Amino acid sequence: MSDWEHFTRDEMKCKGTDECRMDEKFMARLERLRSDYGRPMVVSSGYRDISYNTTIGGSPNSAHTQGKAVDILVAGHDAFRVLRLAIIHGFTGIGVSQRGMYERRFLHLIRQKIQTRVPAHGYGVINDGP
Ligand SMILES: [Zn+2]
């Protein structure tokens, strides 16, 4: 399997198992966001195997385990830009973590038809889109 235009399988893979089962439609959407953004995006979490997700205390229903979530390290004004583009590009769940050390601040972006839980590590700004 090849990498995507702006993201590598290595950066999207599970940090516990090294597997990468990202949803291709999700990645196509993320690529469109990235193209509009026009700058590098740093991924802190992409695909997570269920066992690894449990280990790190992720939500049991986390979209990361379905390959339909990504955490992007971004802060300040850039975070507003990514947030706006995420809404425009149809991400249906957006978690915002913007406290603590600047380089650890992130946005959690998901695409799910039904959002049943607020992301465990976010502040739960949920936009229940189509
Ligand atoms: Zn996340």
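Name the residue, out of Arg111, Arg34, Arg99, whose mean-square fluctuation peaks in a Gaussian network model built on the chain with Cα pairs under 10 Å.
Comparing Arg111, Arg34, Arg99 in a Gaussian network model of the chain, the most mobile one is Arg99.
To the nearest whole percent, what portion of all C-alpha pairs in the chain is separated by more than 22 angstrom?
On the way: 2409 of 8385 pairs.
Summing the P(r) of the chain above 22 Å gives 29 percent of all pairs.
If I model a spin label at Arg21 and Lys113 as a point 7 Å from the Cα along the Cα→Cβ vector, what separation in nanometres do I get?
Once both label points are built, they end up 1.9 nm from each other.
Using the Karplus curve 6.51 cos²θ - 1.76 cosθ + 1.60 with θ = phi - 60°, work out ³J(HN,Hα) for each residue of region 3-10 in order, rounded to whole Hz, and write x for Gly and Pro.
Karplus values, whole Hz, x for Gly and Pro: 6, 8, 4, 10, 10, 9, 5, 5.
Could you work out which residue, out of Glu103, Glu11, Glu19, moves most in a Gaussian network model of the chain, that is, has the largest mean-square fluctuation with Cα springs under 10 Å?
Checking each option, the largest mean-square fluctuation is seen for Glu103.
What residues of region 4-26 lie in the reach of a label at Thr54, counting those whose backbone N is under 18 Å from a point 7 Å from the Cα along Cα→Cβ?
14-19
Excluding same-chain residues fewer than 8 positions from Lys113, which aspartates and glutamates have a Cα within less than 17 Å of its Cα?
Cα-Cα hits under 17 Å: Asp23, Glu24, Asp128.
Tell me what the chain gives for mean residue ellipticity at 222 nm when only DSSP H runs of n ≥ 4 count, each as -39,500 (n - 2.57), the sum divided by the residue total, rounded to 500 deg cm²/dmol. Let's see the in-between values first.
On the way: 4 runs with 37 residues, N = 130.
When only DSSP H runs of four or more count, the value is -8000 deg cm²/dmol.
Would you list which lysines come within 21 Å of Lys15, measuring only between C-alpha atoms, while excluding same-chain residues fewer than 8 positions from it?
List returned: Lys68.
Whole-Hz Karplus ³J(HN,Hα) for region 56-64, in order, using 6.51 cos²θ - 1.76 cosθ + 1.60 and θ = phi - 60°, x for Gly and Pro?
Couplings: 8, x, x, 4, x, 9, 3, 5, 4 Hz.
Between beta-carbons, use under 15 Å as the cut-off and find the net charge around Phe80, counting Lys and Arg +1, Asp and Glu -1. Working shown, then result.
Working: positive: Arg39, Arg81, Arg84, Arg105; negative: Asp36, Asp78.
Residues near Phe80 contribute +2 overall.
Name the long-range amide H neighbours of Ser44: under 5 Å, sequence gap of 5 or more, or other chain; modelled H, no Pro or chain starts.
Asp71, Ile72, Leu73
Here, each number is a calculation from the coordinates, and none is a lab measurement. Note that the structure is a prediction, hence the values are computed from the model and not measured. Quick reminder, even Gly has a Cβ in these numbers, built from the backbone with ideal geometry, and neighbours come from all protein chains shown.
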